[in-house]
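Notes follow once the structure below has been shown.
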């Protein structure tokens, strides 16, 4: 009977010892978060101690490459903005290089990696690298046809074919066919003022035309019932008819010139503005098409 009581007492003592040991283990931080860890610089961190909460402020001497330069002005004569003496940096939870403890180490703002030269409690972080964001993926271009430019016609009547249509994939289709300009006859009539008079001297007629509709060409095709006619086109919308003196000239004088009209355009007679020199003895009628 006495032996049974001794065993009971021994069991009670063992249970009390186990309870005290478990309580002491928990209170020493065996599984709970450190009471004094706030996630700041060099504080404990991890699954049980919680995340790092930044930022922290470091000086240029504590960072490899120093703090980043602020945006600089681009205007002529602008004053450069100096590098700040300190800057805010993010924190990252990392294992100490010489132990299994985790601390909140600073992140270098230039490399976005841990600042491996920084020490927490005399220990540097374990050298592990994280992948930084790279450039966005380049989209694959699909071959698309570009618009075909309109053909151009010079004042000389020479037609410049439109460039061949290219695609984003480098394929060059067959060139498009450019229509020839349409020939339009323009009648220009000059008479004396008053009519039925005589004038045998030299004179000049100028006709201004819209270049967007076409032109008469560098060698205008003009014909009339008079001698000594010289037609020219300056390529800037001006047709000039020069008449040499003619003692046998009988007024009125009618000259027909060929206008090279662009495809899809329609020249109106009202768009032609004629003038004659001398205008005190000669007059030019509105051209007719």
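The table below gives the values:
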item	result
Taking the C-alpha atoms of segment 177-220, convex hull volume expressed per residue in Å³	115
Average Cα contact separation per residue, segment 53-123, under 8 Å, 6 or more apart, as relative contact order %	31
Relative exposure of 284, 177, judged by other C-beta atoms within 10 Å (fewest first)	177, 284
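Coordinate-derived values only; no laboratory data. Since this is a predicted model, take the numbers as computed values, not measurements. Cβ: placed from backbone, ideal geometry, glycine included. Neighbour counts: every protein chain shown.
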